[in-house]
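*Asks:* A single structure is presented below for examination.
The values are calculated or read from the model by the stated rules, or taken from the named source; none is laboratory data. Note that the coordinates shown come from a computational prediction; the quantities given were computed from them, not determined experimentally. Cβ coordinates were reconstructed from backbone atoms using ideal geometry, including for glycine residues, and neighbour counts include every protein chain displayed. Side chains included, ligands, DNA and RNA excluded: accessible areas come from the protein's heavy atoms. Shrake-Rupley method; radii C 1.70, N 1.55, O 1.52, S 1.80 Å.
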Amino acid sequence: MRKHILILGGTTEARELGQHLADRTDIAVTLSLAGRTASPLAQVVPMRRGGFGGIAGLAQYLLDNEINALIDATHPYASAISAHAFRAASETSTPMISLRRAPWQAVVGDRWTDVLDAGEAVGALGIKAKNVFLAVGRQEIAHFASAPQHHYLIRSVDPVEPPLAVPNTRYIIARGPFEEDQERALLLAHAIDVIVAKNSGGRATYGKIVAARQLGIPVMLLRRPPELEVPAVATVSAAIAWLDHVLKVPTDRGV
């Protein structure tokens, strides 16, 4: 009898995990996306979109669909859904693991400032007008309306709605990965003084960090949310190894 696996996705790792598991005959995979991206990439495993209705809704989904294992492969900053997943898995005795890419680490030449969140980043930018490249995600962008003196370059997968309420903003609609030479050209073309970004980790968006290092541009990195007390791995191969282990052990279910 095939085991049913639920992957909470939205990351490169979630997509790669689905690709590795797609041809398995011993498991059935469902990849869940929150629905925040209007046109997500095509997936090779069955996909659902949208929320579950909080902790209770996710717990009921796990029971109704007889989910044998839950893999949280959401973005490192998607703290709400990760917390909901942890609670729902605990309440239903569903084995769970977090597939969380490691954060970037500073190397020689990096000019990094660690900030708590977007609000602290706004204050750290200072009063003097700067050309700022915002790579923080659409939910955090609104904070920067309180610093209208800066010129902002904003890149996102989907249009920012509503637009940032400041006089000088440029928008780029694009989906990564972004190579170093592309990022260097972008930073030079817009005379960027500082980058504000999330420490997302991984390869897809690391190009801007390398380009900033080469050009001597400072980077403000929003601190990652606290990690939950749930087993975690940093690679797709490690997640598959965990999955192979837990699926050999029957589990009792119940709320």
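*Asks:* Any chance you could count how many residues in the stretch 192-218 are within 17 Å of the chain's Cα centre (by Cα) and β-branched (Val, Ile, Thr)?
*Replies:* So the count comes out to 3.
*Asks:* Leu221 is checked against (1) open to solvent by less than 30 Å² (accessible area, probe 1.4 Å); (2) under 30 Å from Lys128 (Cα atoms); (3) touching a helix residue (DSSP H, G or I) at 6+ places or on another chain (Cβ under 8 Å) and fails just one. What number does that condition carry?
*Replies:* So Leu221 meets the others, but not (3).
*Asks:* Continuing with the same structure: Report the residue count in the stretch 67-77 for those that are closer than 22 Å to Arg101 by Cα, open to solvent by less than 20 Å² (accessible area, probe 1.4 Å) and in contact with a Leu (Cβ under 9 Å, 6 or more places away or on another chain).
*Replies:* 6
*Asks:* Using the structure shown, decide if Ile172 is assigned to a loop (DSSP other than H, G, I, E, B) and either more than 18 Å from Tyr77 (Cβ to Cβ) or open to solvent by 20 Å² or more (accessible area, probe 1.4 Å) (or both).
*Replies:* no
*Asks:* Further question on the same structure: Residues to consider are Gln105, Gln43; find the one that is buried (at least 17 other Cβ atoms within 10 Å of the Cβ), over 16 Å from Val233 (Cα atoms) and within 22 Å of the chain's Cα centre (by Cα).
*Replies:* The unique qualifying residue is Gln43.
*Asks:* Can Gly57 be described as surrounded by fewer than 16 Cβ atoms within 10 Å (Cβ to Cβ), of a type outside the set (Asp, Glu) and not in a strand (DSSP E or B)?
*Replies:* When the stated conditions are applied, Gly57 passes them.
*Asks:* Of the residues Glu229, Glu179, Glu183, only one is closer than 17 Å to Ala73 by Cα and out of contact with any strand residue (DSSP E or B) (no Cβ under 7 Å at 6 or more places or on another chain); which?
*Replies:* Of Glu229, Glu179, Glu183, the one residue that is closer than 17 Å to Ala73 by Cα and out of contact with any strand residue (DSSP E or B) (no Cβ under 7 Å at 6 or more places or on another chain) is Glu229.
*Asks:* Pairs please, first residue from the stretch 99-110 and under 16 Å from Val210 (Cβ atoms) and without any contact (Cβ under 8 Å) to a residue 24 or more places away in the chain, second anywhere and among the aromatic types (Phe, Trp, Tyr) and assigned to a loop (DSSP other than H, G, I, E, B), Cβ atoms under 7 Å, 6+ apart in sequence or on different chains.
*Replies:* none
*Asks:* Would you be able to say whether some residue in the stretch 125-132 is in contact with a Pro (Cβ under 9 Å, 6 or more places away or on another chain) and not in a strand (DSSP E or B)?
*Replies:* No, the stretch 125-132 contains no residue that is in contact with a Pro (Cβ under 9 Å, 6 or more places away or on another chain) and not in a strand (DSSP E or B).
*Asks:* Identify all residues within the stretch 180-208 that are part of a helix (DSSP H, G or I) and touching a residue at least 60 places away in the same chain (Cβ under 8 Å); write none if there are none.
*Replies:* Lys208
*Asks:* Shifting gears a bit: Scan (1) modelled with pLDDT of 95 or more; (2) open to solvent by less than 70 Å² (accessible area, probe 1.4 Å) for the single condition Asp64 breaks and write down its number.
*Replies:* Evaluating Asp64 over (1) modelled with pLDDT of 95 or more; (2) open to solvent by less than 70 Å² (accessible area, probe 1.4 Å) leaves (2) as the failure.
*Asks:* Just one of the numbered conditions (1) within 30 Å of Asn168 (Cβ to Cβ); (2) out of contact with any Phe, Trp or Tyr (no Cβ under 6 Å at 6 or more places or on another chain) is not true of Leu63; which one?
*Replies:* Unmet condition: (1).
*Asks:* Within the stretch 117-132, is even one residue in contact with a Gly (Cβ under 6 Å, 6 or more places away or on another chain) and surrounded by fewer than 18 Cβ atoms within 10 Å (Cβ to Cβ)?
*Replies:* No, because not a single residue in the stretch 117-132 is in contact with a Gly (Cβ under 6 Å, 6 or more places away or on another chain) and surrounded by fewer than 18 Cβ atoms within 10 Å (Cβ to Cβ).
*Asks:* Being free of Cβ contacts under 8 Å to residues at least 24 places away in the same chain, in contact with a Leu (Cβ under 8 Å, 6 or more places away or on another chain) and within 19 Å of Arg223 (Cα to Cα) is the filter here, so list the residues in the stretch 121-153 that pass it.
*Replies:* Ile141, Ala142
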